[in-house]
Amino acid sequence: MTDQPYTPPRVWQWEQTAGGRFANINRPVAGATHEAELPGGKHPHQIYSLGTPNGQKVTILFEELLAAGHADAEYDAWLINILEGQQFGSGFVAANPNSKIPALVDHSTAPPTRVFESGAILVYLAEKFGAFLPKAGAGRAECLSWLFWQMGATPFLGGGFGHFYAYAPSKLEYPINRFAMEVKRQLDVLDRNLAERRYMTGGEYTIADMAIWPWYGGLVLNDLYEAAEFLAVDSYANLVRWARDIAERPAVQRGRRVNRIMGPEAEQMRERHGPEDFERP
C-alpha cells in the first residue's frame with residue numbers, strides 16, 4: 001500500500017502480502033482451514049470468543065444476568081484467538097459459519113442451539129431469561145432500534161476509522177478523515193440521545209447499552225485505538241457521563257475481562273468457568 005493514486009485492476013485478486021496487523025487472518029473465502037474440535041464445559045451455555053468489544057457485549061450480559069439473580073445463566077467462556085486463526089477451526093466454523101467471534105452454543109436445548117453474531121446472541125439470551133429487553137411495545141422497538149443502530153454503525157468505527165487510524169501499514173489522510181468525520185457524527189448522535197436519558201432507551205438499562213458501551217464507551221474512555229484526544233471526545237459530555245456510569249457497574253467490570261488477552265495483566269482472563277475465576281490472580 002502506498003500514498004500514490006490507485007487504479008483498480010479490471011479483476012481484483014488477493015495479495016497475501018498486503019500489509020496491516022490482521023493481514024495474516026483475512027482472506028476472501030469462507031470455511032474451515034483445519035480440524036479443531038471446540039472444548040466444552042459443565043454449564044449449558046458455552047461461549048467461544050475473544051475479549052474485543054464484540055466479545056465483551058455477550059460476557060457483560062451474562063454477568064449482568066447472574067448479578068440479577070438468574071442462576072441458570074452460568075456459562076463457560078473459551079478463548080478463540082483470532083490472531084492465531086482459531087476462528088477457522090472446523091468446530092468453530094460449525095458454530096459460526098461466518099468465522100467471527102463470538103459464538104454461543106446453548107446445550108439446554110435438544111439438539112443444542114447455536115447462535116452467532118453478537119446482536120443475535122444478546123436478543124436470544126435476553127428473551128430466554130426475560131431480562132434487559134422490554135417484552136413489547138414502544139420500549140422494545142426503541143431497544144431493538146438502538147441495538148441494530150450499533151450493529152450497522154460500528155463497522156465505520158472499527159473496520160473504517162480503527163483500521164486506518166491504528167492498524168493500516170501507513171497513515172492515509174483521505175480514509176482517516178472520511179471515517180473520523182463519520183465517527184464524530186455517530187458520537188453526536190449518541191450524545192444528543194443521552195442528553196435527556198440516563199441510558200440509551202430512557203431510564204432502563206438494556207442490551208442496547210451493553211452493545212454500544214464496549215465500542216463507544218471504550219472510545220470515549222480512551223480504551224479503544226487511543227484516539228480520544230484526536231476525536232475530541234470530551235466535547236460529548238452526555239456520552240462520557242453515560243460511559244463512566246456503565247464502567248462502574250461490577251458486572252461490566254467482570255464481563256469485559258472475560259477472554260481478554262490484551263491490556264493490563266490484572267484485567268485479563270483467558271477463560272471463565274465460574275464466578276470463582278474472578279478471585280484468582
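The values are calculated or read from the model by the stated rules, or taken from the named source; none is laboratory data. Just so it is clear, the model here is predicted, and its values are computed rather than measured. Here the Cβ is made from the backbone with ideal geometry for all residues, glycine too, and neighbour counts use every protein chain on show.
Within region 163-187, the residues that satisfy the criterion of being crowded, with 16+ Cβ neighbours inside 10 Å and aromatic (Phe, Trp, Tyr) are Phe164, Tyr165, Phe179. Just to be sure, is Tyr236 at positive phi, at pLDDT 95 or above and touching a helix residue (DSSP H, G or I) at 6+ places or on another chain (Cβ under 6 Å)? Judged against the criteria, Tyr236 is not a match. The set of residues in region 145-200 that are outside any helix (DSSP H, G or I), touching a Gly at 6+ places or on another chain (Cβ under 8 Å) and hydrophobic (A, V, I, L, M, F, W, C) contains only Ala168.
Residues in region 44-73 that are small (Gly, Ala, Ser) and in contact (Cβ under 8 Å) with a residue 24 or more places away in the chain were compared, and the one that is farthest from Val258 (Cα to Cα) is Ala68.
Count of region 129-163 residues, restricted to those that are touching a residue at least 12 places away in the same chain (Cβ under 8 Å) and charged (D, E, K, R), is 1. If you check Gly139, Gly158 for being surrounded by 15 or more Cβ atoms within 10 Å (Cβ to Cβ) and more than 28 Å from Ser49 (Cβ to Cβ), only one passes: Gly139. When Ala228, Ala208, Ala243 are checked against the criterion of being assigned to a loop (DSSP other than H, G, I, E, B) and either of a type in the set (Gly, Ala, Ser) or touching a residue at least 12 places away in the same chain (Cβ under 8 Å) (or both), a single residue qualifies: Ala228. Condition test on Phe148, is it of a type in the set (Phe, Trp, Tyr) and either surrounded by 18 or more Cβ atoms within 10 Å (Cβ to Cβ) or within 23 Å of Thr33 (Cβ to Cβ) (or both)? So Phe148 does not fit the description; no.
Just to verify a result, which residue in region 229-246, among those that are more than 15 Å from Trp213 (Cβ to Cβ) and small (Gly, Ala, Ser), is surrounded by the fewest Cβ atoms within 10 Å (Cβ to Cβ)?
Ala232
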